[in-house]
Amino acid sequence: MRILFASAEVAPFAKVGGLADVAGSLPLALQARGHEVKVVMPAYQMILDRWSPQRSIDFEVRMNPYWTARATLHEVHAEGLTLWLIEGCGFFSGIGRSEEVYTPGRDAYLFFAQAALEACLATEWTPDIVHAHDWHMGFLPVLMRETRGGRWEGVASCITIHNLAYQGEFGPDTLEVAGLPKSLYNMHALETYGAVNFLKSGCVYADQVNTVSPNYAQEIQTGEYGCRLDGLMGYLYDQGRLRGILNGINVHHHNPATDPDLPVNFSVDDLSGKAASRTQLMEELGLDPDTNAPLLGVVSRLSNQKGFDLMIGAADRILGMGARWIVLGTGDPWSAGELRRLEAQYPGRVRFVEAFDVSLAQRIYGGCDIFLMPSAFEPCGLGQMFAMRYGTVPVVRQTGGLADTVKEGETGFVFTERTAEEFGDATARAIAAFRDPDTWQKLVHTCMTQDFSWSSSAQAYEAMYADAVAHRSNARTEHPASVTS
Ligand code: GLC
């Protein structure tokens, strides 16, 4: 199949979170299965600074009767991918760092969606599938049905929800900017709770919708996790248009036996390098050297989604068990302040690195004993998989993809209630296991031998694409804006 794969972030070119890891690795797995994939993303300045395009094509994008713009498609071949970088109106040309990726805003994403479709026409490359990711790309499925004079009628579309909490809500003038009729401002099409909702719109118009773990696909049909779209999610599920596909990770890149960021490499057959990586990590971060103390690690955006409220609430209890604790991440000021306070209160035992540091992250996955991820919700979560592959045993809350990937007592420690007490209990179980060498060795071994590669999930995406194509051919004669199509 020919797949146009659209994401606002793609590792290693631009990365804010897990979306980039998926967008940089799933296309490789699909290519390995014989598909032709073009990864379309904004032409951020930092990408054009480092990679030179093989070709650049100019074309015109007509947004609405008052706005016609020039756009350029830069085709870059790098890291095994064919990247289509879309430039125009100066929307992305000022972006020099990953941290700035999400500054452009609504009009930039509307323009991008239209331009990505025009780029296919300009190069005479027609995909079989347009695969959009998250709310930023939500208008791709919409514009394919509403504006192109039927040119996209036969092309199927899919959207993947990486996090339902971010939906992209804007005013009704969005319709004018996108050149769409006002009549689409209704709850069956683009409107939701008094706003134009990008993610919801993408889900209504796409032939198939998925999220990034089977468990999260169930959870988002409930009021607790549905972020006001639980009704729509349940509806799509009943129609066979919503499913969960567990993320994979790039097991070649995330391999402790070859990872260049680790001071000493190691494998499940020889863990001596893990012990050395652990000692060096403690030294690097100025922690008291103590081989008997369990070393706990966190690599995360600082937010209560990721459970910092629970970790901070349980910190005294956990440190009272003799643990050392490393946190790497940036984000909400309350968590950062609390972590700084703990660092001052427990010198040599707590280290908070307030930074976005991909290389240090690898050393934390490699050098720690226990990885903490007590998320309030977690569509899939990649950190727990990276940690397990590096022999670092996770403590997780039983939610989303964490529940699908971590099993109590086999590959980690799992708790249910969102309380510091339950999280502290689970961490205490992990620390007790750590102090029993036989139990620990078995846990580490089981973690390291789990299969987190893309192989089975890439096949699941293939099956979803086939269902999208079938849905498209059935829907062709029906009204495109109808969710019942
Ligand atoms: C988002 C989710 C995370 C998921 C990632 C990739 O960052 O919060 O759970 O693993 O997307 O799909």
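The values are calculated or read from the model by the stated rules, or taken from the named source; none is laboratory data. Computed from a predicted structure; not experimentally measured. As a convention, Cβ positions derive from the backbone with ideal geometry for all residues, glycine included, and neighbour counts pool all protein chains shown. SASA here: full protein model, heavy atoms, side chains in, ligands and nucleic acids out. Shrake-Rupley method; radii C 1.70, N 1.55, O 1.52, S 1.80 Å.
Evaluate the distance, in nm, between pseudo-label points positioned 7 Å from the Cα of Glu153 and of Ser473 along their respective Cα→Cβ axes.
Taking the two extended label points, one gets 1.6 nm.
For the pair Ser183 and Thr330, what calculated FRET efficiency results from E = 1/(1 + (r/R0)^6), where r is the Cβ-Cβ distance and R0 = 41 Å, to the nearest 0.05?
It comes out at approximately 0.40.
Suppose the chain between Thr68 and Thr258 were pulled fully straight at 0.36 nm per residue; how much longer would it get relative to their current alpha carbon spacing?
63.4 nm
Quick check: the distance between the Cα centres of the range 101-156 and the range 57-84, to the nearest angstrom?
11 Å
Can you find, among Gly367, Pro347, Ile318, the residue farthest towards the positive end of the dipole of the range 272-448? Put +1 on the C-beta of Lys and Arg, -1 on that of Asp and Glu.
Of the candidates, Gly367 comes out farthest on the positive side.
Per residue of the chain, what 222 nm ellipticity follows from adding -39500 (n - 2.57) for every DSSP H run with n ≥ 4, rounded to the nearest 500?
-11500 deg cm²/dmol
Which distance in nm do the two modelled labels at Asp173 and Thr449 give, with both placed 7 Å along the Cα-to-Cβ direction?
Result: 6.2 nm between the two label points.
Let me know the number of lysine pairs in the chain closer than 30 Å at the Cα, not counting same-chain pairs under 8 apart.
So the count works out to 14.
Accessible area of Lys442, 1.4 Å probe, to the nearest 10 Å²?
Rounded to the nearest 10, the figure is 150 Å².
Using the basic label-point model (7 angstrom from Cα toward the beta carbon), what is the Thr416 to Gln239 distance in nanometres?
3.4 nm
Grab the Cα-Cα distance for Arg2 and Arg97, subtract it from 0.36 nm times how many residues apart they are, and report the gain in nm with one decimal.
Working it through step by step, the gained length comes to 31.1 nm.
Sorted by packing (mean other beta-carbon atoms within 10 Å per residue), highest first, where do 204-214, 300-310 land?
Result, highest mean Cβ count within 10 Å first: 204-214, 300-310.
Residues in the range 41-55 near a label at Val16, defined as backbone nitrogen under 17 Å from the 7 Å Cα→Cβ point?
Correct set: 41-47.
Efficiency by 1/(1 + (r/R0)^6): what FRET value for Trp51 and Gln280, r their Cβ-Cβ distance, R0 = 45 Å, to the nearest 0.05?
0.85
Among bridges DSSP assigns within the chain, what percent are antiparallel (round to 5)?
Of all bridge pairs located within the chain, approximately 35 percent are antiparallel.
Can you pull the accessible area of Arg317 for me, 1.4 Å probe, Å² to the nearest 10?
It works out to around 100 Å².
Taking the Cβ-Cβ separation of Glu354 and Gln398 as r and a Förster radius of 25 Å, what is the calculated FRET efficiency to the nearest 0.05?
Efficiency, from the Cβ-Cβ distance: 0.30.
Between Glu124 and Lys407, what is 0.36 nm times their sequence separation minus the Cα-Cα distance? Round to one decimal in nm.
Gain on extension, Glu124 to Lys407, equals 97.0 nm.
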